Structure formats: C-alpha cells, structure tokens
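Colleague: Here it is, the structure, as structure tokens.
The values are calculated or read from the model by the stated rules, or taken from the named source; none is laboratory data. Keep in mind the model is a prediction, meaning the values are calculated, not measured. Note: ideal-geometry Cβ built from the backbone for every residue, glycine included; neighbour counts use all protein chains shown. All accessible areas refer to the heavy atoms of the entire protein, side chains included, with ligands and DNA or RNA removed. Shrake-Rupley method; radii C 1.70, N 1.55, O 1.52, S 1.80 Å.
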Amino acid sequence: MKHLHGSCHCGAVEFEFDSSAPVPFMRCYCSICRKTSGSGGYSINIMGMSDSLRVTKGKDTVRSYQAIKDKNVPKSEQVLCQNRYFCPTCASYLWAHSEEWPEWIYPYASAIDTELPVPKQMASILLENAAKWADPRNIPGRDAGNEMFDKYPSYSLEQWHKNHPDI
C-alpha cells in the first residue's frame, strides 16, 4: 500500500489517498478521456481506495462532471459514466469515481505529486475510439512492445498490479 498526495495546477486543491495500484501504466483513449484530459489524446489513471481519500485543501471548491458514455444513442437511452472531479479555477482533473465500483477512486496520474513508479510496459486501451493523430498504432516505433487493446483488456488495474508484484 502506498500513500499518495496530489493537487491541482493552481494549488487550490490538495488531496491524499492510499493505493495498492500506483503504477501509471494504462493509457485510455476513449472519447471522454481524450476530450477531458487535455493531454496527448489519452489519460492515465491509477487506482486508490475511496475510503482513504481526504481532500486536505479546497474541498468546498472541487466540482464534478459526469459524462455520457455514448452521445450517439438517443437521449432516452444515454447512460452516464463516472464522476470526474476537477478544480474549477485551473480546470485540472483530479480523480474519477463511479457508483458502479464505490470502493475505488481513479486519480489522474498527472495530478499526483508523490513520485510514482516507472512502468516497465504500457497498455493502451479503447483504441477503437482513438483519434488517428494520437493512435499509437499509427505512429512508427511508438510504443513498440506495449499492449494494445481496441476495447478493455481482460484484466483490471488491480489485477495488473497483482500480476506485476516486482514494481
């Protein structure tokens, strides 16, 4: 178990939590992560225990956004996905949480201030939704030897960490 600290860019929000899955190895290329993360066409989340999350600064300022999983289906059939928490001042995404898995939070690796382990291998998921300019399969030599998935892999973030205890 690793105790981690994170914050937003402007410093208005600070938080901490415990994680047994701190290696930032999985890039998500879904349309929601691509559009909300403000990064290279993907986001990287790690996993933490919900009951250990403490917002130590700016708790009352944190806001959330709940995205629609698939905006192409009729409104009556649209399903909301997890809440994504962010700082309203600088717009830094901090963590995500889903009622489907209430015991976990999914902090954005970019918001973590504690030194995180360096992954020996990366995995890219939901590549069926990747923008062509960001899809690692379209960039020669990029991510050679790393795992690529059009959808979700058969393992979870937690299972990957259990399978890689040496990290």
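Colleague: Can you find a residue in segment 106-126 that is outside any loop (DSSP other than H, G, I, E, B), among the aromatic types (F, W, Y) and surrounded by 12 or more Cβ atoms within 10 Å (Cβ to Cβ)?
Modeller: Yes, segment 106-126 contains a residue that is outside any loop (DSSP other than H, G, I, E, B), among the aromatic types (F, W, Y) and surrounded by 12 or more Cβ atoms within 10 Å (Cβ to Cβ).
Colleague: Could you check segment 127-143 and list, in sequence order, the residues that are open to solvent by 70 Å² or more (accessible area, probe 1.4 Å), assigned to a loop (DSSP other than H, G, I, E, B) and in contact (Cβ under 8 Å) with a residue 12 or more places away in the chain?
Modeller: W133
Yes or no, residue by residue, for (1) open to solvent by 20 Å² or more (accessible area, probe 1.4 Å); (2) not in a loop (DSSP other than H, G, I, E, B):
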| position | (1), (2) |
| --- | --- |
| G6 | no, yes |
| E16 | yes, yes |
| V23 | no, no |
| R34 | yes, yes |
| S39 | yes, no |
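Colleague: Exactly one condition in (1) open to solvent by less than 40 Å² (accessible area, probe 1.4 Å); (2) more than 21 Å from G40 (Cα to Cα); (3) modelled with pLDDT of 95 or more is not met by N83; state its number.
Modeller: (3)
Colleague: While we're here: In segment 91-105, is there at least one residue being farther than 25 Å from P153 by Cα, out of contact with any strand residue (DSSP E or B) (no Cβ under 7 Å at 6 or more places or on another chain) and either crowded, with 19+ Cβ neighbours inside 10 Å or modelled with pLDDT under 95 (or both)?
Modeller: Yes, segment 91-105 has at least one match.
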